[in-house]
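Engineer: After the structure tokens below, expect a handful of questions from me.
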Amino acid sequence: MVAAIDLADWARLALAVAVLFGIVVLPGVVLARLAHLPTADAWLVGAPAGASVLMVAATIARFASIEWTPIKGMLAGGAVWAVAAALLWVVGGRRQLAPEERVEHSSSAEGLLLGLSSAALLALVVIVSAMRDPGVLPQTPDTNFHLFATKWMSDAGTASVLDATGVRLDPENYYPGGFFSLSATVGGWLGVPPTIAAHSVVLLCLMWLWPTSCTALARAVLGPSAAVSALAAPVALVFMAFPWRMLSWGALWPVLLATSMLPALLAVLWKLWEPSEPRPTLRTTLVQLAFASLLLVSMVLAHTSALFSAVLFVFFLGFAALVGRRQGTARVLLTVAAAVVLIGAVWLSGVVRPQGMYQRVDDALPWSDAVLTALTFGASPRVALLAFPVVALGAVVLTRRRGGWWVPGLLAGLLATYVCMIVAPGAMSLRLTWPWFHDLFRIIGLAVIPGVLCFLAGLLELGRHLRALWIPVAGITVVLLLLPVVAVILDEFRSVRSVYDASPDRQWISARQLTELSKLAKSVPDGSAVIGNPWTGYQYIYLATGIPAVIPTEKNLHVPGLELLGERLTDIEESAEVCGAAHRLHVDYVITGGPVVYAAEPADLTPYVGIDAVADDSRFPVVARAGDLALHEVPACSQ
């Protein structure tokens, strides 16, 4: 499905990213400055605060029945931003930057510019070369919901975080809607397709949010030197597990957005709690805690698992600060609060089993496979031969540094959890990891955050020793260190390319099927909806044409009538219950035929036997055909 590079689509994507930068990053930078953060740090951690403002404003507009148009949206966002800015101003007041602080931050400005620009270029090269066309559909199982939600919210004139499940006819349940709040905003305001709108948020994460957040954390933990400022952003992009795995496994875009913001939150808190002098004033502490709460809001609205991730990381961070320095009442109270929440989460995991968590437990794998996968952060084994020793060296360096032990401690804990999930995927593992949906990729993705810090600390330590070596030896060592980076980039390219250029037997929807669905849509009158077996890809008719598709999947079969229609649609004339469900959901047409997607198991198809049976039922006349697909009209019935 990957064609030549489409310059028109890339131009629209560039415009969408620019709009996001203007309505998310820039307002957030100003809020960060009001929170007494230096200019350089404000640019690095401001974006999540701007995202919070937009998400909250869109949700308030929804409750006030205000359509999310460009003018009304900017007015609503401006009002919420003004309230946040006023609160930060009242709490923090005016702060003058000390002369020595100005010198310190200006000295690393060139390093920051070099690091962020090289990271943005690296991300852009991988994405453009692998994706080719940002308007193409990713071939991953969660794509339909993420893109459908973006389109539904854009068409409905809303960007509220509460409206993500509207496309599934399931407004009573909640799915984290922060990602869709951003994508629906650019989709609705610019009129771009949902693929481009969603990819604009993905590109903002890869080119700005994740590199800047990791740079902020690295500068807070390792110091704001020119070397740290220049290396942190590129290093953040050479781990396969995050952010690239979030694109290539299930299109975990909301998790990508939420986790990309987490290092920024940690950076703000560590600057307050680190065991060093001078100590921040009370007003600075309060205003930066208020600013940190803005970052947490955007993370939780992007994905609820971010709350558990933040509590876990903040507990380690706060405990390290507490051990490193005996004084500080605020540090003690916050660490105790984080510990209480952490203990409460562990207790809750033993008595609660959310409906959305995965019930399936994979088969256990050998210890050797699990450990090797953990040490490579999900990349190919050849990467570990050169990359992991640098991570290990950095872990030793940070362990010996005052207050730095929490980084290797957290890394070891997350990697151990990952290994246990593979070798012992039982009930206990489910209970402890349900906040992350018992998903290996989400756990190893979190481990990348301390992994980046350890890798960077290892590089700096090697650089310190290489300066005294003979120049040819130093050059050879640098080349050897670059090899795993090149290997990972190649892995990233192949991984992302497999999502957008899947072989025919691995596709969820093909270009030919999209064309056939568009032909069938011409026979569906306004106000009618279609239904079909979701394992055949019929639901993509909504993306291709805007025709409503009633989507009965395992995520929303509890919606009244969906399970009934899936199993007994052919009983519509005999059953008043089935007839009532069809009328209630406006189901007037059925799509049958087409190949079943490769991932479907026989048990997955059972809930849709009633829909598949329509193909052989003469009471459902065929009104249009296109290739292997047929459009059937639902017969009249009485409730």
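The values are calculated or read from the model by the stated rules, or taken from the named source; none is laboratory data. Computed from a predicted model, the values in this text were never measured in an experiment. Neighbour counts run over all protein chains shown; Cβ positions are idealised from the backbone, glycine included. Note: areas computed on protein heavy atoms with side chains; ligands, DNA, RNA excluded. Shrake-Rupley method; radii C 1.70, N 1.55, O 1.52, S 1.80 Å.
Engineer: Provide, as a two-decimal number, the C-alpha radius of gyration of the range 205-286 over 2.2 N^0.38 Å, N being how many residues it has. Each step should come with its number before you reach the end.
Structural biologist: Working: Rg = 14.5 Å, N = 82, 2.2 N^0.38 = 11.7 Å.
With N residues counted in the range 205-286, Rg over 2.2 N^0.38 Å equals 1.24.
Engineer: For the range 184-234, restrict the atom set to alpha-carbon positions and state the Rg and Dmax in Å.
Structural biologist: Expressed in Å, the Cα Rg and Dmax of the range 184-234 come to 15.3, 44.
Engineer: Stretched out fully, how many nm does the piece from residue 402 to residue 506 gain, at 0.36 nm a residue minus the Cα gap?
Structural biologist: Details: separation 104, 0.36 × 104 = 37.44 nm, distance 5.05 nm.
Length gained between residue 402 and residue 506: 32.4 nm.
Engineer: To continue, here is another question. When only alpha-carbon atoms are used, what values of Rg and Dmax, in angstrom, describe the range 404-464?
Structural biologist: Values for the range 404-464 (Cα only, Rg and Dmax): 13.7, 47 Å.
Engineer: May I pose another question? Using 7 Å Cα-to-Cβ label points, what is the residue 86/residue 69 separation (nm, one decimal)?
Structural biologist: 2.6
Engineer: Treat each spin label as a single point 7 Å out from the Cα along the C-beta direction, and report the residue 109 to residue 15 distance in nm.
Structural biologist: In this crude spin-label approximation the distance works out to 3.3 nm.
Engineer: Past the 21 angstrom mark, what percentage of all C-alpha to C-alpha distances in the range 176-328 do you count?
Structural biologist: On the way: 5808 of 11628 pairs.
Roughly 50 percent, once rounded to a whole number.
Engineer: Would you rank 151, 519, 271 by solvent-accessible area, highest first, keeping every protein chain in place and using a 1.4 Å probe? Walk me through the numbers before you get to the answer.
Structural biologist: Details: 151 35, 519 115, 271 80 Å².
The ranking, largest first, comes out as 519, 271, 151.
Engineer: Where a ≥ b ≥ c are the square roots of the eigenvalues of the C-alpha gyration tensor, would you call the range 1-93 rounded, which needs a/c under 1.5, or, failing that, prolate if a/b is larger than b/c, or oblate?
Structural biologist: Numbers: a/c = 3.42, a/b = 1.45, b/c = 2.36.
Here the range 1-93 falls in the oblate category.
Engineer: Also: Per 0.36 nm of contour for each residue apart, how much would the distance between residue 128 and residue 372 grow if the chain were fully extended, relative to their Cα-Cα spacing? Could you put the intermediate results ahead of the total?
Structural biologist: Details: separation 244, 0.36 × 244 = 87.84 nm, distance 3.07 nm.
Contour length minus Cα-Cα distance gives 84.8 nm.
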